[in-house]
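Inspection log for the structure reproduced underneath, given as structure tokens.
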């Protein structure tokens with residue numbers, strides 16, 4: 001009898017989950033350690049997933065946007081094209097722990113279009129490194145998004161297993177700086193990034209963002225189980241972000257390593273930030289400061 005009930009419960013659970021089809025796009029990091037897949041389901045929802053060393057790190061996680069003045073983007077999407085490219089260069093920074101940084105990744109760009117009358121188009125670009133992944137949305141200029149008013153992102157991070165998380169609260173009333181909590185991943189509430197997670201199999205994950213330029217900072221909110229969803233910090237008006245013409249989001253970053261030292265050694269976020277636009281910065285000299293940062 002117990003077996004029969006368990007089978008019935010499993011069947012109901014299976015029906016309740018989105019029926020993700022075979023991947024429509026995929027790519028691996030240069031050495032094959034990290035892999036990314038992009039899938040669609042029968043309703044045209046798009047999801048991505050991330051694996052490391054053949055083990056799932058991020059299970060299928062939804063992508064999309066909420067807007068203040070037009071229909072959301074979260075389903076009725078079709079893949080219209082994709083391309084991959086490899087990139088490998090070494091660049092120098094004027095100060096920091098490392099003088100020379102190698103920027104070596106495989107890029108997967110997937111083009112999407114709504115099958116509705118709005119027919120809005122955008123791309124999701126993944127840069128896959130041997131030690132993690134960065135991805136962002138890229139919107140070209142188009143008639144039905146000449147002015148974009150973003151209420152929030154629907155970007156998910158559905159971790160494939162529970163673990164221990166180090167995080168600090170977001171959206172509290174009096175400040176942004178709090179002591180870090182150490183809890184199960186499944187107990188996280190609203191958290192500012194960066195958030196660091198040690199999954200139950202020992203994989204270490206540091207989640208944050210890079211190239212945060214003219215956009216709202218990203219916190220995360222746990223929706224259920226081990227799933228976190230992007231939660232943008234509020235703006236001055238109704239919309240959290242306002243854009244005109246073509247625009248990109250910051251990179252959503254996942255550094256992956258065997259241990260905490262591996263996270264520290266990663267250059268993924270340095271590589272995804274924008275290159276220096278100041279020109280010669282040799283006149284800037286490192287120094288020491290004693291005090292509080294707002295001085």
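Computed quantities for the displayed model
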item	result
Fluctuation leader among 241, 50, 24 - the chain, Gaussian network, Cα springs under 10 angstrom	24
Relative contact order of segment 20-272, defined on C-alpha pairs under 8 angstrom at six or more residues apart (%)	18
Rounded if a/c under 1.5, otherwise prolate or oblate - segment 145-200, Cα gyration tensor axes	oblate
Helix-derived mean residue ellipticity, 222 nm - over the chain, DSSP H n ≥ 4, -39500 (n - 2.57), to 500	-2500 deg cm²/dmol
R0 of 22 Å, Cβ-Cβ distance residue 146-residue 116: FRET efficiency to nearest 0.05	0.80
Residue of 25, 117, 151 that the Gaussian network model of the chain assigns the largest fluctuation, springs spanning Cα pairs under 10 Å	117
Rounded FRET efficiency, nearest 0.05, which uses the C-beta distance separating residue 201 from residue 181 and R0 of 30 Å	0.85
Net length gained if the chain between residue 80 and residue 98 were fully extended (0.36 nm per residue, minus Cα distance)	2.4 nm
GNM top mover of 187, 99, 210 - the chain, alpha-carbon springs below 10 Å	99
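No value in this document is a laboratory result; all are computed from the given coordinates. Since the structure is predicted, the reported quantities are computational estimates derived from the model, not experimental observations. We place every Cβ from the backbone using ideal geometry, glycine too, and count neighbours over all the protein chains shown.
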